[in-house]
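See below for the structure under consideration.
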Amino acid sequence: MTVSLNIEDDVASINIDDGGRNVINHDVLDELEAAWEKVEADAKALILSGRPGSFCAGYDISVMTGDDPDAAARLGQRGGRFAHKLFGSRMPTVAVSTGHAFTIGAVWLACCDIRIGEAGSFKYGMSEVALNVPFSAWPLEPLKARLNPQHLLPAVLHARIYDPAGALNAGFIDELVGEGEGMEKARAAASELAKLPGKAYGQSKRQLRSEALAVMAEDLGL
């Protein structure tokens, strides 16, 4: 199993660890979607994390730049549907980046309410244009919402790559902590957020993001 789930004291932790770079394919998404159903039923807050060295390296590049554009579209759209769930989740969401975060990984970070990154020789970025993969509408919505405006164009159009300090400045993460400190920080944040009235939190978040969620839903065919 690549995806593990633990729920303790109303806080769910979904961890992605494929033993390598945390590449996203349909098998990983099968596990993520199954975990998500349990989280929605049984938890009041969520922590999303990767493995040491890589939060998520992005989609399976062999699919996204291969000879089958339909296969690339299917994988991309499916990752987008999970992004829509994260961005529109009625519960508080906290992401912990313990390594590299590229493409869909960086988008999933943008979809979470609090994003904590660990220091290290890591890179963040949206490399689609450099890979000759044009953006559709759905990933741009969370990026527009969370990236600092002066970094949106360089990150998206110029495929600029950031180190953790640069990612903090650009808005890929909200806080930068030392190596090995991210999960403890995330648990503290998620535990506090879980105490907030869930109905008020969820309705307010969806109101705040209603236009962006509508654009994403239309583009993803939801």
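Tabulated data
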| item | result |
| --- | --- |
| Subset tally (residues that are surrounded by 15 or more Cβ atoms within 10 Å (Cβ to Cβ), assigned to a helix (DSSP H, G or I) and either touching a Pro at 6+ places or on another chain (Cβ under 9 Å) or of a type in the set (D, E) (or both)) for the range 176-201 | 6 |
| Residues satisfying the stated conditions in the range 30-62, i.e. surrounded by 18 or more Cβ atoms within 10 Å (Cβ to Cβ), under 23 Å from M126 (Cα atoms) and of a type outside the set (G, A, S) | L32, I47, L48, R51, F55, C56, Y59, D60 |
| Options P149, P142; residue that is closer than 28 Å to M64 by Cβ and open to solvent by 20 Å² or more (accessible area, probe 1.4 Å) | P149 |
| Near pairs, Cβ below 6 angstrom, 6+ apart or cross-chain, from the range 109-130 (closer than 18 Å to A155 by Cα) to any residue that is of a type in the set (D, E, K, R) and part of a strand (DSSP E or B) | L109/R115 |
| The range 1-49: number of residues that are assigned to a helix (DSSP H, G or I) and in contact with an Asp or Glu (Cβ under 8 Å, 6 or more places away or on another chain) | 1 |
| Residue within the range 209-218 that is at positive phi and touching a helix residue (DSSP H, G or I) at 6+ places or on another chain (Cβ under 6 Å) present | no |
| Number of positions in the range 70-86 that are of a type in the set (A, V, I, L, M, F, W, C), under 17 Å from L143 (Cα atoms) and touching a Ser or Thr at 6+ places or on another chain (Cβ under 9 Å) | 1 |
| Only listed residue being modelled with pLDDT of 90 or more, open to solvent by less than 10 Å² (accessible area, probe 1.4 Å), under 16 Å from R21 (Cα atoms) and assigned to a helix (DSSP H, G or I), chosen from A106, A83 | A106 |
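The values are calculated or read from the model by the stated rules, or taken from the named source; none is laboratory data. Since we're looking at a predicted model, the values are computed, not measured. All Cβ positions, glycine included, derive from the backbone under ideal geometry; neighbour counts span all protein chains shown. Each accessible area value is taken on the protein alone, full model and side chains, heavy atoms only, with ligands, DNA and RNA left out. Shrake-Rupley method; radii C 1.70, N 1.55, O 1.52, S 1.80 Å.
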